[in-house]
Amino acid sequence: MKKRTYVVIGTGGRAADFIDPMIKDYRDEAELLGLCDTSQVRMDYYRNNLKKACGYEGIATYLSKDLEKMLDDLHPDVVIICTVDKFHHEYIIKAVNKGCDVVCEKPITVDYEKCRA
């Protein structure tokens, strides 16, 4: 079976609910390629902890403003969105337009107009 590749947008506390099982329980089926966040410090902290905890190396990091570059560079199969709710729709639209599947923590967005987009 081919591994599916993933990136995670948002590296706050909610991201661990997706990343931890991916790197521990589903390593044979899933590969974490990159992290995207507004804070390079938070991404570096996460990346360093992943390396120490389970030897997971080579995770790329991109600031949120460079999301489309990350998608173009890494070509993930799946984008997991764990950001502030009001930004979910922006990231969903960009990921879908790049041909990625999307997993978004709830809510999908915060109002009707953003949901329609």
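The values are calculated or read from the model by the stated rules, or taken from the named source; none is laboratory data. Model, not experiment: these values are computed from the prediction. Note that we place each Cβ from the backbone using ideal geometry, even for glycine, and neighbour counts take in every protein chain shown. All accessible areas refer to the heavy atoms of the entire protein, side chains included, with ligands and DNA or RNA removed. Shrake-Rupley method; radii C 1.70, N 1.55, O 1.52, S 1.80 Å.
Here residue 48 meets the list (1) of a type in the set (S, T, N, Q); (2) in contact with a Ser or Thr (Cβ under 9 Å, 6 or more places away or on another chain); (3) more than 19 Å from residue 117 (Cβ to Cβ) almost entirely, failing just condition (2). For segment 21-51, the set of residues classified as in contact (Cβ under 8 Å) with a residue 24 or more places away in the chain, in contact with a strand residue (DSSP E or B) (Cβ under 8 Å, 6 or more places away or on another chain) and charged (D, E, K, R) consists of 29, 31, 37, listed by residue number.
Screening residue 18 against (1) more than 29 Å from residue 115 (Cα to Cα); (2) among the aromatic types (Phe, Trp, Tyr); (3) touching a residue at least 60 places away in the same chain (Cβ under 8 Å) leaves a single unmet condition, (1). Right, residue 96: at pLDDT 90 or above, loosely packed, with under 15 Cβ neighbours inside 10 Å and hydrophobic (A, V, I, L, M, F, W, C) or not? Yes, satisfied.
Would you point out the residue of segment 73-93, among those that are open to solvent by 70 Å² or more (accessible area, probe 1.4 Å) and of a type in the set (Asp, Glu), that is farthest from residue 4 (Cα to Cα)? Even if it seems obvious, please write down each step before you answer.
If we filter segment 73-93 for residues that are open to solvent by 70 Å² or more (accessible area, probe 1.4 Å), which is where we start, we get 73, 75, 84, 86-87, 90.
Now drop any that are not of a type in the set (Asp, Glu), which leaves 73, 90.
On the way: 73: 16, 90: 23 Å.
Only one residue tops the list, namely 90.
Note on segment 5-17: among residues that are out of contact with any helix residue (DSSP H, G or I) (no Cβ under 8 Å at 6 or more places or on another chain) and surrounded by 13 or more Cβ atoms within 10 Å (Cβ to Cβ), the one that is nearest to residue 63 (Cα to Cα) is 10.
Does residue 20 count as out of contact with any helix residue (DSSP H, G or I) (no Cβ under 7 Å at 6 or more places or on another chain) and open to solvent by 60 Å² or more (accessible area, probe 1.4 Å)? So residue 20 does not fit the description; no.
It is to be established whether one or more residues within segment 100-110 are open to solvent by 70 Å² or more (accessible area, probe 1.4 Å), modelled with pLDDT of 90 or more and either among the charged types (D, E, K, R) or assigned to a helix (DSSP H, G or I) (or both).
Here is the first cut: in segment 100-110, the residues open to solvent by 70 Å² or more (accessible area, probe 1.4 Å) are 101, 106, 108, 110.
Those still in the list that are modelled with pLDDT of 90 or more too: 101.
Pick out the ones that are also either among the charged types (D, E, K, R) or assigned to a helix (DSSP H, G or I) (or both) and you get 101.
Looking for residues that are open to solvent by 70 Å² or more (accessible area, probe 1.4 Å), modelled with pLDDT of 90 or more and either among the charged types (D, E, K, R) or assigned to a helix (DSSP H, G or I) (or both), one finds at least one in segment 100-110, hence yes.
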